[in-house]
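What follows is a single structure, written as structure tokens, with notes after it.
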Amino acid sequence: MSAVVKSGSRGIRYWDPEDEKFWRRTGRRVAMRNLAFSILAEHVGFSVWSLWSVLVLFLGPEYGLSPADKFLLVSTPTLVGAVLRIPYTLAVGWFGGRTWTVLSAAVLLVPTLLAAVYLHPGTSLGTLLLVSAVAGLGGGNFASSMANINAFFPQRHKGWALGLNAGGGNLGVAVTQLAALAVLGTVGAAEPRLLLGVFVPAIVVAAVCAALFMDDLPDNRNDTDALGDVLRDAHCWVMSLLYLGTFGSFIGYCFAFGLVLQTQFDRTPLQAASFTFLGPLLGSLTRPGGGWLADRIGGARVTFAVFVALMLCTGVAVVASRTDSLGLFVADFIVLLALAGAGNGSTYKMIPAIFRAKALQGGGGDEGGASTQARLSRARRLSGALIGVTGALGALGGVLINLAFRASFAGWGSGIPAFTGFLVFYAACAVVTWAVYLRRRPRPRTAHDSRPDVVLSV
């Protein structure tokens, strides 16, 4: 059977990527087309979401803002984007993946134009906070994009596909910071509106391409029932914790990097921007690699290794901060972001693998007596819902990191206390990953045991 499109629409009537013949004949081509334009829309969303991480570099003394105020401006869109991720995930089922991608891309014109209007000396901190909050709309796009693409690909390709989708979106952070570097290097910090002008045509292109080339899948419902079910599953909270450590680190460090260089090492805006794009660039590129590696050796193994490496690199950041070594600090921060990117890919690979493994084992409570096909269908719904939950809670890590830096610099004049707290958190995440998904247990898991268990091949 082929992926038949409904007459006069971009809605597909039949979709079964686990059917090998269907996948080879038509499924792969349709899925790759949707992946390509999903990446474009998500890339623009990340660009808008990260705008204030670079706009704060343009806010000189004439704006009357302290470093603590600037960290607050960076944290605000991160928080709004995190909160929006659950409704954005549900919107895929309500509107359809293509339709929602068009709408969520087009609405990004609002925060871009608002920033162009209000970004000038004399604007109050409260007004700037409200304007920066609207940029959080771009943060919600990630969750809906990932939930939509999750349904297009078969299990054996999900790690790679989700990693590529997310990595292409994450590149929006690096592109925004490169654009800021170009503006700062040519006309200086007095013209932030030139930076905003880059994104208006990009938003229009993303929305138009989604309308022309993407599709709505049948039964792609990230519905409230699935959300309620997944919130009662212990894996939801374990995976949210792990994603808080990986994606929270990525987005938090991306947004804070420039301000930390300015505050701790007295770098100028141009000097800070010269380094900040490197970490997000590498972290975006390593995300598909993390998903690809997880497809081959297991997401839990990759995630555990990432947390151990994050602990080591965070310790190096403390040493670099104590010795005031800018070179060591920048190099280490870039490695931190690259590791966090790889961990993003491996943790997202774990989500569909967990529910697929439970379905094949006959787990899932009242679904235990259903057919394998019915359990796999339910597993896909739960995976989509959990992608939204973990995406939302993971993004809160970006808020916590920037608030930790804000408190650290305000109270001690250094980022060392913040880094010390991050190191302890990574150690806890490594222990949880090992205990839940890697440690061997003496007894087999029963069909109705709802606890996270090592028997799941993730």
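The values are calculated or read from the model by the stated rules, or taken from the named source; none is laboratory data. Keep in mind the model is a prediction, meaning the values are calculated, not measured. A quick note on method: Cβ atoms are made from the backbone with ideal geometry, for glycine too, and the neighbour counts reach across all protein chains shown. Side chains included, ligands, DNA and RNA excluded: accessible areas come from the protein's heavy atoms. Shrake-Rupley method; radii C 1.70, N 1.55, O 1.52, S 1.80 Å.
For this structure, a couple of remarks:
- Contour minus Cα-Cα distance for A189 and A428 (0.36 nm per residue): 81.9 nm
- Distance from the Cα centroid of the stretch 251-277 to that of the stretch 224-243 is 35 Å (rounded to whole angstrom).
- Computed from the C-beta positions of R322 and L438 and an R0 of 41 Å, the FRET efficiency is 0.75 to the nearest 0.05.
- Accessible area per residue for the chain, computed on protein heavy atoms with a 1.4 Å probe, is 36 Å².
- Estimated FRET transfer efficiency when R0 is 22 angstrom, pair M32-V208 (beta carbons, to 0.05): 0.65
- Ordering of 48-60, 111-123, 262-274 by packing [mean C-beta count within 10 Å, highest first]: 48-60, 262-274, 111-123
- Entry for volume of the Cα convex hull per residue in Å³ (calculated from the structure that is shown) out of (1) 201; (2) 152; (3) 127: (3)
- Protein accessible area in the chain, 1.4 Å probe - carbon and sulfur %: 66
- Label-to-label distance for Y118 and A374 is 5.2 nm, based on points extended 7 Å past Cα in the beta-carbon direction.
- Normalised by the number of residues in the chain, the mean separation of alpha-carbon contacts (under 8 Å, six or more apart) gives a relative contact order of 23 percent.
- Amide hydrogen neighbours beyond the local backbone of E191, cut-off 5 Å, H modeled: none
- The stretch 171-221-the stretch 92-155 distance, computed between alpha-carbon centres (Å): 11
- Computed from Cα atoms, the angle from the helix 299-323 axis to the main principal axis of the chain rounds to 10 degrees.
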